[in-house]
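Enquirer: Here it is, the structure in full.
The values are calculated or read from the model by the stated rules, or taken from the named source; none is laboratory data. Predicted model only: the values in this text are computed from it and were never measured. Positions of Cβ are generated from backbone atoms using ideal geometry, with glycine treated the same way; all protein chains shown enter the neighbour counts. We work out accessible area using only protein heavy atoms, side chains counted, and drop any ligands, DNA or RNA first. Shrake-Rupley method; radii C 1.70, N 1.55, O 1.52, S 1.80 Å.
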Amino acid sequence: MGRFEPRRLLITGGAGFIGSNLTRRMLAAGGEAAGLEKVVVLDALTYAGHLANLDGVTSDPRLHWVHADICDRAAVERVLADHAIDAIFHLAAESHVDRSIEAADVFVRTNVTGTFTLIDVARRAWADRFDATRFVHVSTDEVYGALGETGAFTEQTPYAPNSPYAASKAASDLLARSYFQTYGLPVVITNCCNNYGPYQLPEKLIPLMIANAVEGKPLPVYGQGKQIREWLHVDDHCAALWSAMTRGTPGESYNFGSGDEMSNLRLVELLADLVDDELARARGTTRALIKFVVDRKGHDFRYAIDSSKARRALAWERSKVLDVKLAETVRWYLANTAWRQAVASEEHARFQAVHYPGLR
Ligand code: NAD
Ligand code: DAU
């Protein structure tokens, strides 16, 4: 199959962490997506979505901003028709595992019903031209469940999601798969490991630890910090998504990982040392803020990804190494105080207070 060249792209969730990095990449001068006529960002601006994440690209004439909910069928229909969309990167989602444990309703609404609404609208809008379209459904390695000390998830690993978040993403993956199997809608599914980099809301591990460290607040490590995650820089994920869009075979899934695995405690210690160095604190000052707190319910022990299919079929390779990019990421959060303030909504503060009682 030849390369697919999108012209008019819709990015749902484009005001979130990965979506905003992807939008920036799509609009980059001289970048791989230079042939795009327009990039439409559709986002509901929940507590996790912020226009501040799109600073620097909002004046690009190819960018069109739509404030809408993916569950709103009429709004989604209008966007596809008005902009003659021929390709979708679907990233809009509720994405934080701990919030799904607090209350899963909105995860089912957005991740399941919202994905259904979007994909069903795409199926109807593109009915007479599937060959000229693509729907890239962006998902997670958490759909595969948890691993022990060894092994890695392949695209053949059976789904066994453990958190309500993972279950809602698994449900959305299955819906996406069914739209290929039933209707032939050209759907490509991607399953990626943990991302890090700029513009990630400080409720996820890495930016939360940096934000707390700066303010001298405790660094809450769940359980004993022994769980292991695999970390991919968001730029590498965005490159992977472009390769899935342009080279992926409809009906296929692709796993993306980095090989950079680390226990949570080791990662938090590294972050603490980097903050010490950047802020000229004595080594050990920030590590002293580490506080072991009650473990996450149903906490998955380890995720690890086998990316060999993506390397072989999409010619994708990760290019950023955690050793180098973690220090750069710390510097980005330290330098962007105004951004950290802009994304600190009331809802963010509410969740922090409820989720980490007695830590302030
Ligand atoms: P995020 O929480 O930072 O961003 C999600 C965005 O979706 C926000 O801008 C939010 O406003 C928007 N949104 C939420 N509900 C919406 C709705 N009903 N309608 C329209 N917009 C809505 O998430 P992220 O970390 O950028 O993740 C993006 C996608 O990538 C998600 O689908 C997630 O499951 C997947 N993913 C994330 C990671 C990771 O490590 N962050 C790894 C693998 C896959
Ligand atoms: O694996 C991909 C997934 O990675 C994505 O699908 C999710 O959207 C994304 O949020 C992320 O999920 P995790 O649950 O792995 O990420 P989080 O940053 O919430 O936590 C990373 C690890 O750190 C996890 O083992 C829990 C632990 N942790 C997290 C927080 C917020 C702590 O020990 N303390 C904390 O305060």
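Enquirer: Determine the per residue accessible area of the chain with all protein chains present and a 1.4 angstrom probe, expressed in square angstrom.
Expert: 40
Enquirer: Check cross-link reach from residue 325 to the lysines: straight Cα distance under 20 Å, and skip same-chain residues fewer than eight apart.
Expert: 204
Enquirer: Take the alpha carbon gyration tensor of region 26-124, find the square roots of its eigenvalues, order them as a ≥ b ≥ c, and report rounded if a/c is under 1.5; if not, report prolate when a/b exceeds b/c, else oblate.
Expert: Oblate.
Enquirer: Which aspartates and glutamates have a Cα lying under 14 Å from the Cα of residue 309, excluding residues fewer than 8 positions away in the same chain?
Expert: Excluding near neighbours in sequence, the set is 155, 252, 317.
Enquirer: Quick check on packing: order 288-297, 272-281 by the mean number of other C-beta atoms within 10 Å, highest mean leading.
Expert: 272-281, 288-297
Enquirer: Quick one: order 96, 67 from most to least accessible surface, probe 1.4 Å.
Expert: The ordering from most to least exposed comes out as 67, 96.
Enquirer: Filter the chain for me: DSSP H helices, axial length by Cα at least 18 angstrom, mean Kyte-Doolittle hydropathy not below 0.5. List them by residue number.
Expert: Membrane-span-like by this criterion, though nothing is claimed about a membrane: none.
Enquirer: Rounded to the nearest 500, what is the chain's calculated 222 nm mean residue ellipticity when only DSSP H runs of at least 4 contribute -39500 (n - 2.57) each, over all residues?
Expert: Only helices count here, giving -11500 deg cm²/dmol.
Enquirer: With 20 Å bins from zero, work out the P(r) of the chain over every alpha carbon pair and list the percent per bin.
Expert: Pair shares across the bins are 30, 60, 10, 0.
Enquirer: List the residues whose amide H sits under 5 Å from the amide H of residue 254, counting only those 5 or more places along or on another chain, with H placed 1.01 Å from N in the peptide plane.
Expert: 189, 190, 191
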